[in-house]
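Everything on this sheet refers to the single structure shown next.
The values are calculated or read from the model by the stated rules, or taken from the named source; none is laboratory data. If you're wondering where the values come from, they're calculated on a predicted model, not measured in any experiment. Counting neighbours? That spans all protein chains shown, and the Cβs are built from the backbone with ideal geometry, glycine included. Side chains are part of the model used for accessible areas, which takes the heavy atoms of the whole protein and leaves out ligands, DNA and RNA. Shrake-Rupley method; radii C 1.70, N 1.55, O 1.52, S 1.80 Å.
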Amino acid sequence: MRDQKSPAELLVGLDVADDAAVYLIARGIAIVETLDFFPPIVDDAYASGAIGAANAMSDIYAMGGEVLFALNIAAWPEDAPLAQLERVFQGATDKVAEAGGVIAGGHTVLDREPKYGLAVTGRVHPERMLLKSRLRAGDALWLTKPIGTGVLTTAHKNGELEAADLASAIASMVALNRAAAQAAVDAELHAATDVTGFSLVGHAHEMADRSSVGVRIRASLVPLLPGALAHAESGISFGGLERNRSYFDDGAKVRFDKGVDAALRTLLLDPQTSGGLLVGVPSAHAEAWQRACAAKGVRPVEIGEVIPGTGVTVTP
């Protein structure tokens, strides 16, 4: 696909891969397009739809955009109750409405395993986009949500998660990144991504690689969801985590200092669903960023900095 000729109006596509595609349609207006879908990670159908919607829309926010409309993407077993699918759709519909958008259609197919997500269309000002490639040495790194959803939802599947910890994880996953993105745009920032399946350090590596810089993350500063550390300490293991460990934890892409304990290492490699934004904040914009976050009710945490070099270094 990379051999195809891209029009000049395609500002972000396969040549400059980011969280979503961006297409210029008029001066000062560009369309942002993304899609995502996956099997349910919680039992409650309404929550599952809301999580799927928030996760899909997050790519729009990671680019600094706003959601316009979305299309359902669903796969459903022939013998599963349609009432459950309707609850999935309702959870997503309500979440898209919260984002200021509308679900305008979609497509459902039969499959042995249920899956749900959205194709989302948004808009962004082409000169105010947030891109993975715009980190600069000296920027501070801020994270807008705690991590641990992969570990916690796996513990839930194993029947080992407390109800309160599941509720915290769901509340985090259904929370939109809209306010955080608006704060970043208001503060005139330019570098961000959302933290999803590649883990915090995996997505930090993407930003570092595309910006030709290094990143240093202080593990002790990274916010964690309730219960996540205890389950990481139990030695939990699952496919997405082990794939991230195999690919990123190679001493080149990601380097962990010896003082970073095994549980924190697991959580930093934990694949997230509907995680927060990872934002680069130049010192000249730090006050504006914090003011904008306070005005939008966003509570980000500073977790590291951008440095000359390559890859991600994690210190205690």
Item to check | Entry for volume of the Cα convex hull per residue in Å³ (calculated from the structure that is shown) out of [x] 150; [y] 139; [z] 128 | outcome: [y]
Item to check | Ordering of 281-287, 180-186 by burial proxy (mean other Cβ atoms within 10 Å per residue, highest first) | outcome: 180-186, 281-287
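Restricting to Cα pairs below 8 Å that are 6+ residues apart, what does the relative contact order work out to for the chain? Please round to a whole percent.
On the way: 750 pairs, mean separation 74.4, N = 316.
Answer for the chain is 24 percent.
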Checklist entry - How high is the relative contact order of segment 38-168, in percent, counting Cα pairs under 8 Å that sit 6 or more residues apart? => result 34 percent
Item to check | PHE256 accessible area, assembled protein chains, probe 1.4 Å, Å² | outcome: 30 Å²
Item to check | Helix-only mean residue ellipticity at 222 nm for the chain, each DSSP H run of n ≥ 4 adding -39500 (n - 2.57), per residue, nearest 500 | outcome: -11000 deg cm²/dmol
Checklist outcome for this item: Counting Lys and Arg as +1 and Asp and Glu as -1 over every other residue whose Cβ sits under 12 Å from the Cβ of ASP194, the net charge comes to -2
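What whole-number volume per residue, in cubic angstrom, does the convex hull of the C-alpha atoms of segment 82-162 give?
Working: hull volume 17.1 nm³, N = 81.
Measuring per residue, one finds 211 Å³ for the Cα hull of segment 82-162.
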Checklist entry - Given ALA171, ILE217, ALA184, which one lies farthest toward the positive end of the charge dipole of segment 167-269, if we put +1 on the Cβ of every Lys and Arg and -1 on the Cβ of every Asp and Glu? => result ILE217
Checklist entry - At what distance in angstrom do the alpha carbon centres of segment 280-301 and segment 100-143 lie from each other? => result 21 Å
Item to check | Debye-sum result for segment 1-133 in log10 I(q)/I(0), which assumes one identical scatterer on each alpha carbon, at q = 0.09, 0.21 Å⁻¹ | outcome: -0.29, -1.11
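If I stretch the segment between SER234 and ALA137 completely, what's the gain in nm (0.36 nm per residue apart, minus their alpha carbon distance), one decimal?
Details: separation 97, 0.36 × 97 = 34.92 nm, distance 3.68 nm.
Stretched fully, the SER234-ALA137 segment lengthens by 31.2 nm.
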Next on the checklist: Which of rounded, prolate or oblate describes segment 151-222 when judged by the alpha-carbon gyration tensor and an a/c cut-off of 1.5?
Outcome noted: oblate
Item to check | Whichever lysines have a C-alpha closer than 28 Å to that of LYS296, once near sequence neighbours (fewer than 8 apart) are set aside | outcome: LYS95, LYS132, LYS145
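Keeping all protein chains in place and using 1.4 angstrom, which order do TYR46, TYR247, TYR23, TYR116 fall into by accessible surface area, from largest down? Provide the component values of the computation, followed by the final result.
Numbers: TYR46 70, TYR247 130, TYR23 95, TYR116 10 Å².
Ranked from most to least accessible, the order is TYR247, TYR23, TYR46, TYR116.
Ordering LEU10, LEU189, LEU82 by how much accessible area each has at a 1.4 Å probe, largest first, what is the list? Intermediate values should be presented prior to the final figure.
Numbers: LEU10 55, LEU189 5, LEU82 115 Å².
Descending order: LEU82, LEU10, LEU189.
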Next on the checklist: Multiplying the sequence separation of LEU221 and GLU287 by 0.36 nm and subtracting their Cα-Cα distance, what value in nm do you get?
Outcome noted: 21.8 nm
Checklist outcome for this item: Computed over the chain, protein heavy atoms only, probe 1.4 angstrom, the accessible area per residue in square angstrom equals 45 Å²
Item to check | Summed residue charge, Cβ within 9 Å of SER274's Cβ, Lys/Arg positive, Asp/Glu negative | outcome: 0
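Over the chain, what percent of the accessible surface lies on carbon and sulfur atoms, probe 1.4 Å? It would help to have the intermediate numbers written out before the result.
Working: 7400 of 14110 Å².
Whole-percent figure for carbon plus sulfur exposure: 52.
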Checklist outcome for this item: In nm², the average projected area of the convex hull spanned by the Cα atoms of segment 209-316 is 7.8 nm²
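Taking the Cα centre of the chain as origin, sum charge times position over the Cβ atoms of Lys and Arg (+1) and Asp and Glu (-1), and report the length of that vector in debye to the nearest 20. Kindly include the intermediate steps, with their values, before the conclusion.
Working: 27 positive and 38 negative charges, 151 e Å.
My answer is approximately 720 debye.
Can you tell me the length gained on complete extension of the stretch GLU242 to HIS107, counting 0.36 nm per residue apart and subtracting the Cα distance? Let's see the in-between values first.
Numbers: separation 135, 0.36 × 135 = 48.60 nm, distance 3.24 nm.
Taking 0.36 nm per residue and subtracting the Cα distance, the gain is 45.4 nm.
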Checklist entry - Nearest 20 debye, what's the magnitude of the dipole of segment 37-133 about its Cα centre given +1 on Lys and Arg Cβ and -1 on Asp and Glu Cβ? => result 360 debye
Checklist outcome for this item: In whole Å, largest first, the alpha carbons of segment 159-200 cover along the principal axes 44, 21, 10
Checklist entry - Hey, quick one: spin label on ASN158, modelled 7 Å out along Cα-Cβ, who in segment 214-233 has an amide N within reach, i.e. under 16 Å? => result 227-233
Item to check | Neighbourhood charge, 14 Å Cβ-Cβ cut-off, centred on ALA169 and excluding it, Lys, Arg +1 and Asp, Glu -1 | outcome: -4
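How do LYS145, LYS5 rank by accessible surface area computed with a 1.4 Å probe, from largest to smallest? Intermediate results must be reported in sequence, preceding the final value.
Values: LYS145 15, LYS5 190 Å².
If we order LYS145, LYS5 from most to least accessible, we get LYS5, LYS145.
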